[in-house]
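Each remark here refers to the structure printed beneath this line.
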Amino acid sequence: MAAPEGFALELLTPEHRRRKFASGNRKADEWLRQKALPAMKKNTSTTRVLVDAESRIAGYYSLANTALDVSLVPPEFLGGQPPTRPPPTVTLAWLGVDLGFAGRGLGTYLFLQALADCVRAYEVIRFVAVIVDALDDDNVNYYQSKGFWRVPGTTHKLYMPASLLLAAASAR
């Protein structure tokens, strides 16, 4: 999926100017400014940034390999059998768009690109679902409108089975 005209999608590096990023969500801003790069250095997540022609960060997303707590996994999720080990998942941990770039569809682009990255990862490393940790109820509603389901027993954690992700990807 090509980046929108005038933008480039890149892996986060120390050269990216993160301090001025302001999505309107303190936690999302703090993650990008202070935690995303150290997490990449520790190999716990990958952050990609969407930059404009002047190298300003318009938005970003972070993906991480995770495992879902077995107490949260409904038996029907794994063919009717309760899991004995945490099933492997990919988590879309963070996604944000700078307020200066809002209203241009960049959040939707980043979301779809993150899912496309998950599809590519699935070809090499299998997982059972994509997990999203939504920051608030509005985010929950958005992700549900895109086919994610609430993880039972949680308020802002949602999932999309890998089978549904792959089916949606092949339909495009």
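The values are calculated or read from the model by the stated rules, or taken from the named source; none is laboratory data. From a predicted model like this one, the values you see are computed outputs, not experimental measurements. Backbone-built Cβ (ideal geometry, glycine too); neighbour counts: all protein chains shown.
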Filtering the stretch 10-31 down to residues that are assigned to a loop (DSSP other than H, G, I, E, B) and among the small types (Gly, Ala, Ser), which residue is nearest to Gly107 (Cα to Cα)? Ser23
Residue under question is Lys35, and the condition is that it be part of a helix (DSSP H, G or I) and of a type in the set (D, E, K, R); does it hold? yes
Which numbered condition Ala2 fails, given (1) at pLDDT below 95; (2) among the small types (Gly, Ala, Ser); (3) buried (at least 20 other Cβ atoms within 10 Å of the Cβ): (3)
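Would you call Ser62 more than 29 Å from Arg150 (Cα to Cα), of a type in the set (S, T, N, Q) and touching a strand residue (DSSP E or B) at 6+ places or on another chain (Cβ under 8 Å)? Let's see the steps before the verdict.
Values: more than 29 Å from Arg150 (Cα to Cα): no; of a type in the set (S, T, N, Q): yes; touching a strand residue (DSSP E or B) at 6+ places or on another chain (Cβ under 8 Å): yes.
Judged against the criteria, Ser62 is not a match.
Against the condition touching a residue at least 12 places away in the same chain (Cβ under 8 Å) and either within 28 Å of Asp137 (Cα to Cα) or surrounded by fewer than 18 Cβ atoms within 10 Å (Cβ to Cβ) (or both), how does Lys20 come out, does it pass? Let's see the steps before the verdict.
Working: touching a residue at least 12 places away in the same chain (Cβ under 8 Å): yes; either within 28 Å of Asp137 (Cα to Cα) or surrounded by fewer than 18 Cβ atoms within 10 Å (Cβ to Cβ) (or both): yes.
So Lys20 passes the test.
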Output the residues belonging to the stretch 26-58 that are among the polar types (S, T, N, Q) and surrounded by 16 or more Cβ atoms within 10 Å (Cβ to Cβ). Ser45, Thr46, Thr47
Any hit, the stretch 87-109, residues being free of Cβ contacts under 8 Å to residues at least 24 places away in the same chain and among the charged types (D, E, K, R): no
